[in-house]
1. Name the single residue, out of those in segment 274-289 being closer than 14 Å to CYS198 by Cβ, hydrophobic (A, V, I, L, M, F, W, C) and buried (at least 23 other Cβ atoms within 10 Å of the Cβ), that is modelled with the lowest pLDDT.
2. How many residues does segment 483-500 hold that are out of contact with any His (no Cβ under 8 Å at 6 or more places or on another chain), more than 11 Å from ALA430 (Cα to Cα) and open to solvent by less than 90 Å² (accessible area, probe 1.4 Å)?
3. Condition check: of a type in the set (A, V, I, L, M, F, W, C) and more than 23 Å from TYR488 (Cα to Cα). Does ALA118 satisfy that?
4. Which of the residues spanning segment 330-386 are of a type in the set (D, E, K, R), in a helix (DSSP H, G or I) and either open to solvent by less than 60 Å² (accessible area, probe 1.4 Å) or at positive phi (or both)?
5. Evaluate the following for TYR53: is it open to solvent by less than 10 Å² (accessible area, probe 1.4 Å), at pLDDT 95 or above and not basic (Lys, Arg)?
6. Any idea how many residues of segment 78-124 are surrounded by fewer than 21 Cβ atoms within 10 Å (Cβ to Cβ), touching a residue at least 40 places away in the same chain (Cβ under 8 Å), outside any helix (DSSP H, G or I) and not small (Gly, Ala, Ser)?
7. It is to be established whether one or more residues within segment 156-174 are in contact with a Leu (Cβ under 8 Å, 6 or more places away or on another chain), of a type in the set (S, T, N, Q) and modelled with pLDDT of 95 or more.
8. Among the residues in segment 195-217, are any touching a His at 6+ places or on another chain (Cβ under 9 Å), of a type outside the set (A, V, I, L, M, F, W, C) and surrounded by 22 or more Cβ atoms within 10 Å (Cβ to Cβ)?
Amino acid sequence: MAGPLPQRHSDALKGVGIMNQLPTVNVGLVASSRGNFPRDLAIRRREELAALYEKEFGPIYQCPILLVGEQDVKPVLQDLREHGVNTLALFLGNFGPEIPESLLAQQFDGPIVLTAAAEETKGGLFTGRGDAYCGMLNASYNLGIREVKVHIPRRPVGTARQTAKNIAEFLPAARCLLGLRRLKIITFGPRPNDFVACNAPIQPLFSLGVEIEENSELDLYQAFLQHSGDPRIPQVAASMEQELGGRSQVPGALPRLAQYELTLLDWMEQHRGDSEYVVFANRCWPAFEAMFGFVPCYVNGRLTGRGIPVSCEVDVYGALSEFIGACITQEPVSILDINNTVPEDLYREEIAGKYPDRYEDLFMGFHCGNAPVCRMVQPQLERHKILSRNLGEGEDPSITEGTIEGRLTPGEATIFRLQADASGRLRAYAAEGKILDVPCHSFGSIGIFSIPELERFYRYGLLEHQYPHHCAVAFQKVGSALFQVFRYLGVKDIDYNRPAGERYPEEDPFARD
């Protein structure tokens, strides 16, 4: 499989300040054996697989019950529940019994990866042949007629090492799938006027198991006023000052921003309900600044950096996408506009000859100032330049304080989005690339992105299939994990930046440059 092996999933979150607001994957291994095949073959292969996985990737619970007949399904499920297993690795140690396998998958309440054992030696092909290569066909057919979703890796039948790798590589997607089943999206306000693109049918959210709580901006404002004089404000403001490292051009805004952060965090705890994870999609302009007395960008990015994504402009599917990215990477993500082209003189003078990237593959990702500071080069707390332009005569300029200015940290990146279209059908895209280490000569949270074959992807992927301007950004290459999540969720239309020579269905076959 492409890409590095996953880190040990038992590791603590490292060095990014992300809150423990992400699911923990507890994976369990169940082996199956067909009645007329040697059971000891399946047991030995299961034990070897578990031992290798433990050595290279981390803990895995090995269910001692071999799945042979329908009578084994309930005992296996009970054993998995008792040991806190929430993700199942179903392993065909030999041909395997397809009916018990599909019944177990049907009744297991969590993500499932289906793998099988390859034959080991030529000397074992007479008395120790497992035929799992054949059994996988029957298993997948039975799962299909029961409409049971499982993840089947790209190389599903392999050695113990390959199978252990298959299981480990599914864990980021499994963590995301677990999170979506226990997620609530809290919104404040309607989307701003002229931002129809941020408005999409919410019914598909319930199909995913996601809850949504919609509130008025007045609810948020009332809660904010109730936090006036909160004794925790000085401590939160001090943590903001420490995080910014003295790079604040508007230090007087910190107490107001701290009050707002406490408002959101308290609302999250008071309105979590039966959900385990919470994200926000909040209105942030135009009336917000005049009423609250600041812009919320820094707080949005600060909470996002701690594992609580806050999307701008009531972008519900943007917040959902950010949560997906945070679950997969276990690191801070962001949301940006696919915003503007790179000027030709900037390309000629600062990119061409220094980087191999083509002009046609570049764009500037931008937002007013909501990226987590840990994802920026020397960020500064500033006044919001766009909203400052629109201040009426006599307006206090301090109401635009609270945006983060700076360049995004260079390195690997993936832009992506899960979105409901106008008919309520889910579709998604993902495109891997990088952020260049190049000055942007502009404002806001901004970076120059390089996405291979972007020009065609922009036209025949993003425009053709009517995606909005917001994209979630993961600061890693995670296209494969995103693809696994989207497929598992049943998304039929998944767009990606097709390589040169691979034509989009809508692309003009007769076009000549």
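The values are calculated or read from the model by the stated rules, or taken from the named source; none is laboratory data. What you see is a predicted model, and the numbers here were worked out from it, not measured in a lab. Positions of Cβ are generated from backbone atoms using ideal geometry, with glycine treated the same way; all protein chains shown enter the neighbour counts. Remember, those area values only see protein heavy atoms, side chains included, never the ligands or the DNA or RNA. Shrake-Rupley method; radii C 1.70, N 1.55, O 1.52, S 1.80 Å.
1. Looking only at segment 274-289, we keep the residues that are closer than 14 Å to CYS198 by Cβ, and these are 280-285.
Restricting the remaining residues to those that are hydrophobic (A, V, I, L, M, F, W, C) gives 280-281, 284-285.
Of the ones still in play, those that are also buried (at least 23 other Cβ atoms within 10 Å of the Cβ) are 280-281, 284.
Values: PHE280: 96, ALA281: 94, CYS284: 79.
Applying the filter and picking the extreme gives CYS284.
2. Of the residues in that region, 6 qualify.
3. yes
4. GLU350, ASP361, ARG375
5. On the way: open to solvent by less than 10 Å² (accessible area, probe 1.4 Å): yes; at pLDDT 95 or above: yes; not basic (Lys, Arg): yes.
Yes, satisfied.
6. Summing the residues that are surrounded by fewer than 21 Cβ atoms within 10 Å (Cβ to Cβ), touching a residue at least 40 places away in the same chain (Cβ under 8 Å), outside any helix (DSSP H, G or I) and not small (Gly, Ala, Ser) in segment 78-124 gives 1.
7. yes
8. no
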